[in-house]
Amino acid sequence: MLSFKYYKNVNSLAKLIDGNLVSKQIKENLIVEVFKYKQLYNKTPVLAILQVGDRQDSNVYIRMKLKSAEEVGINAQLMKLPKNITEAQLLSNINKLNNDSDIHGIILQLPIDSSNSIDTDHVLAQISIDKDVDGLHPFNNGQLSHGVTKDVFLPCTPNGCIHLIKSTGCDIEGKRAVVIGRSRIVGGPMAQLLIWNNATVTVCHSRTRDIPDIVRQADILVAALGKPEFVKGDWIKPGAIVIDCGINPIPDDTKKSGYRLVGDVDIEEVAQVASWITPVPGGVGPMTVCMLLKNTIDGAFRYAQKYYDKDNTLDESLIDISGDSIPIHKLNIEETIANGGDCEIKSAQ
Ligand code: NDP
């Protein structure tokens, strides 16, 4: 259980769940894991980040991922692809990364910023299931829906939320949980993770009626809908744990940027009723990146156990030609740039 502060002052009931603190503690363990990996395999875990186009918000998230990866010793590489890339070209780049035995994790930054029509679901399904560190491949989704939560890639934001809930000392088993949102990235897998942690879960979405009444039953509330300050104080069961995934910019003349970030929960009101609450920023956000790093390192260990031989080189005899995730040859990324390839790669190190 973490040390805590109250939201604003001790007169509010809610204690803050500090995502920066929890993620810092997890990162300290990850540094040790990377060290062990280097000792065992004489290699560094490598994360490839694919970005199509140049969205400013994506650039900010990617910078955070590169910086955090560097902090724990992961070699994160950004592969920046032009906005006019076709789906076939994007798939070809993914295939090369799938087949590179020195790449352990691949993420595709979403949303895809392309001038061509690209089927995001189809593209995500082409990432090797052994390297799907965002946990968005249908196979990994399916595993979670079957209750397989060990030795698989769990989606980062929901897994981070579970860590935050547990950091309060709360035993999830038997609790009533409500998730607002059913997206593939946050709400959907969040509900699954709560179910397999033995909570009784209700999912609300844009067609749900009487959301306040449903939320009033929640011992644990996870808000992931993308609507600023949507959840109000009189919806909250006294003593509930409230996890706010929302990141919503709203105009604020007092800020140099002209805006400030708020969550999906009205924290001023909710902090008077809940027992624990995540701030925005500084709650769920840092945990998402932290879980990405954890997935990359765990995945690198699994990959090495599955595919490297005793000399820690790729063991061709382990290659199953029927698989969709099988390493074949190493992509020389530097060479791709030098030859005027269709990608630009920046290393975080
Ligand atoms: P999506 O837009 O993909 O999904 C939003 C979900 O909320 C949908 O299921 C939608 O319902 C539901 N919803 C929308 N409006 C309402 C409403 N009025 N009442 C009830 N349900 C509603 O968003 P994401 O899941 O990707 O993200 C949710 C929030 O989390 C966003 O603010 C996003 O910025 C943030 N986020 C934060 C991350 C972090 O690291 N902290 C990471 C990822 C996201 P329906 O399915 O019916 O359309």
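I'm trying to understand the selection: among the residues of region 150-166, which are touching a residue at least 24 places away in the same chain (Cβ under 8 Å) and more than 16 Å from the ligand (Cβ to nearest atom)? Break it down stepwise before answering.
Taking region 150-166 and keeping what is touching a residue at least 24 places away in the same chain (Cβ under 8 Å), we get 151, 153-165.
Asp151 - this is the single residue of region 150-166 that is touching a residue at least 24 places away in the same chain (Cβ under 8 Å) and more than 16 Å from the ligand (Cβ to nearest atom).
Of the residues making up region 231-247, just one is within 16 Å of the ligand (Cβ to nearest atom), closer than 12 Å to Asp266 by Cα and surrounded by fewer than 22 Cβ atoms within 10 Å (Cβ to Cβ), namely Lys232.
Just need a number here: residues in region 106-150 that are charged (D, E, K, R) and farther than 16 Å from Lys306 by Cβ. Give the derivation first.
Of the residues in region 106-150, the ones charged (D, E, K, R) are 113, 119, 121, 130-132, 134, 150.
Filter once more, keeping what is farther than 16 Å from Lys306 by Cβ: 113, 119, 121, 134.
Total satisfying the criteria: 4.
Only residues that are more than 19 Å from the chain's Cα centre (by Cα), in a helix (DSSP H, G or I) and surrounded by fewer than 15 Cβ atoms within 10 Å (Cβ to Cβ) were counted across region 29-55, and they come to 6. Scanning region 134-162 for residues that are outside any helix (DSSP H, G or I) and β-branched (Val, Ile, Thr) yields Val148, Thr149, Val152. Of all residues in region 270-293, those that are under 15 Å from Val186 (Cα atoms) have Cβ atoms under 8 Å from Cβ atoms of residues that are assigned to a helix (DSSP H, G or I) and charged (D, E, K, R), 6 or more apart or on another chain, in Val289/Lys65; Leu292/Lys65. Before we move on, is Asn93 out of contact with any strand residue (DSSP E or B) (no Cβ under 9 Å at 6 or more places or on another chain) and either within 18 Å of Cys156 (Cβ to Cβ) or in the same structural domain as Thr296 (by TED's automatic domain parsing) (or both)? Spelling it out, it is not the case that Asn93 is out of contact with any strand residue (DSSP E or B) (no Cβ under 9 Å at 6 or more places or on another chain) and either within 18 Å of Cys156 (Cβ to Cβ) or in the same structural domain as Thr296 (by TED's automatic domain parsing) (or both). Within region 114-133, the set of residues being more than 19 Å from the chain's Cα centre (by Cα) and in a loop (DSSP other than H, G, I, E, B) comprises Ser114, Ser115, Asn116, Ser117, Ile118, Asp119. Against the test of being surrounded by fewer than 21 Cβ atoms within 10 Å (Cβ to Cβ) and either within 18 Å of the chain's Cα centre (by Cα) or among the polar types (S, T, N, Q) (or both), the options Pro138, Pro158 yield a single qualifying residue, Pro138.
Going by the structure shown, is Ile185 assigned to a loop (DSSP other than H, G, I, E, B), assigned by TED's automatic domain parsing to the domain that holds Asp213 and either surrounded by fewer than 23 Cβ atoms within 10 Å (Cβ to Cβ) or more than 16 Å from the ligand (Cβ to nearest atom) (or both)? Yes: the conditions hold for Ile185. When Ala76 is tested against (1) over 30 Å from Asp315 (Cβ atoms); (2) buried (at least 20 other Cβ atoms within 10 Å of the Cβ); (3) of a type in the set (Gly, Ala, Ser), exactly one condition is not met: (1).
Residues that are touching a residue at least 12 places away in the same chain (Cβ under 8 Å) and under 20 Å from Tyr307 (Cβ atoms) are absent from region 23-32 altogether.
Only one of the numbered conditions (1) surrounded by 23 or more Cβ atoms within 10 Å (Cβ to Cβ); (2) closer than 30 Å to Asn93 by Cα; (3) more than 11 Å from the ligand (Cβ to nearest atom) is violated by Leu194, and that is (2).
The values are calculated or read from the model by the stated rules, or taken from the named source; none is laboratory data. Since we're looking at a predicted model, the values are computed, not measured. Cβ coordinates were reconstructed from backbone atoms using ideal geometry, including for glycine residues, and neighbour counts include every protein chain displayed.
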